[in-house]
Structure formats: C-alpha cells, structure tokens
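Please treat every number below as a calculation from the coordinates, not as lab data. Note that the structure is a prediction, hence the values are computed from the model and not measured. Cβ coordinates were reconstructed from backbone atoms using ideal geometry, including for glycine residues, and neighbour counts include every protein chain displayed.
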Amino acid sequence: IPLKIFVYSVSFFIICAFKFSKLTYTRYFKDPYSVDADSLIYKNGVQREVKQSLIFFSVICAAILIIAGIVIYFIVTYYTKPLTNLLGFVQNLNEGEFDTKYTYKHFRQDEIGLLGENLNQIGEKLQSMIAELKSSNLNLENELKAKTQLEQQRKKYLSDVSHELKTPIALISG
C-alpha cells in the first residue's frame, strides 16, 4: 500500500508539473504569430522560465524517485531478511536438525517473530517425540530379543524332554 501511495503521489506531481508548464506556456503565447520587440523579449523570458521550471521539476522528481527507491529497499530488506533466516531454519528442521533454534538479532513481535517462535516450539516437540520413539523402539527391541531367547530355550527344552522320553520308550518297546 505505501508503494501505491508513493507511485500515485509521484505521478500526480509529474502531471501537475507538466500541466503547469503547459498552462504557463499557453497563457503567454496565445498568438504565436504576433511579433513585436517587447512581446518577443517577454516571450523569450517566459520560455526560459518555463524551461527552467521543467528542469527543476525533473530534477526534483528524479531525486524523489531515488530517495523512494532507497527507502523501499530498506523496507523490503526489513521484511525479507528475517524470512530468509526463517527459511534456513525450516530447511534445517526438514533435514532433521531439531536442536537448532530460530534466532534473529532483533526479535520481532509481529507475525514473522511469532512464526519463528512457534517453529521453535514445534522443533522442541518433535525432538522430544523422536527421543521418546527411539527409547520405545529400544525397549521393543530388547523385549523382542528376550522373547526370542525364551522361545529358543523352550524349543531346546522340548527337544531335550522329547529325547529323554524316546530313550526309555525305545527300551520298553524293545
């Protein structure tokens, strides 16, 4: 919105400058074919003034445009630099680096600062959830190993009992 206001005001200024110069020119030069010594000197003086006014207005417009460009650069930098830092932080989160934090040298209380703070909280929650999942996974692996060992011991016991029972039965049957 400030950019639109600036563009409209500069356009209005330029239009006014050209309308003024045209109005001044037509006011003093209604009849371009009348030539007498006094009017010729007067017309040349007015032409010079109109030309100087146009140059002055052109220089002022150029200066305003340069100053506005510098101001717009700083405004855009004010908003894009934190967004660039926020993008780098999100890319780190995407790569699994949940211990990184979004920090900007001037913490902002606007939407960008709040977004960074919320992303920090999401990173912390993800880090704690992943730690819980890793510990649960480790517990499950230990339980699975214990069950596998128990199953192997049961099979060995059944095999030993079966062998011990087959030997006496083979002797009895004979």
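At 10 °C and a viscosity of 1.306 mPa s, what translational diffusion coefficient does Stokes-Einstein give for the stretch 65-131, taking Rh as the Kirkwood radius over Cα pairs? Give it in µm²/s as a whole number. Walk me through the intermediate numbers first.
Values: Rh = 13.2 Å.
Stokes-Einstein gives a translational diffusion coefficient of 120 µm²/s.
Provide the per-residue ³J(HN,Hα) series for the stretch 129-138, in order, calculated from phi with Karplus coefficients 6.51, -1.76, 1.60 and θ = phi - 60°, each as a whole number of Hz, with x at glycine and proline positions.
5, 5, 5, 5, 5, 5, 5, 5, 5, 5
Below 13 angstrom from the Cβ of Gly88, what's the summed charge of the other residues (Lys, Arg +1; Asp, Glu -1)? Intermediate results must be reported in sequence, preceding the final value.
On the way: positive: Lys81, Lys101; negative: Glu95, Glu97.
That sum, taken over residues with Cβ under 13 Å, equals 0.
With r defined as the distance between the Cβ atoms of Ile66 and Ser11 and R0 fixed at 25 Å, what FRET efficiency is calculated, to the nearest 0.05? Write down the numbers at each step before the final one.
On the way: r = 16 Å, r/R0 = 0.66.
Efficiency, from the Cβ-Cβ distance: 0.95.
Provide, in order from the shortest bin, the percent of all Cα-Cα pairs of the stretch 47-174 in each 10 Å bin, continuing until the bin that contains the maximum pair distance.
P(r) over the stretch 47-174, rounded to whole percents: 10, 17, 13, 11, 11, 10, 8, 6, 5, 3, 2, 2, 1, 1, 0.
Can you tell me the dipole magnitude for the stretch 56-143 around its Cα centre, using point charges on the Cβ only (Lys, Arg +1; Asp, Glu -1), in Debye to the nearest 20?
I would put it at about 560 debye.
Grab the Cα-Cα distance for Leu126 and Asn139, subtract it from 0.36 nm times how many residues apart they are, and report the gain in nm with one decimal.
On the way: separation 13, 0.36 × 13 = 4.68 nm, distance 1.97 nm.
Additional length available on full extension: 2.7 nm.
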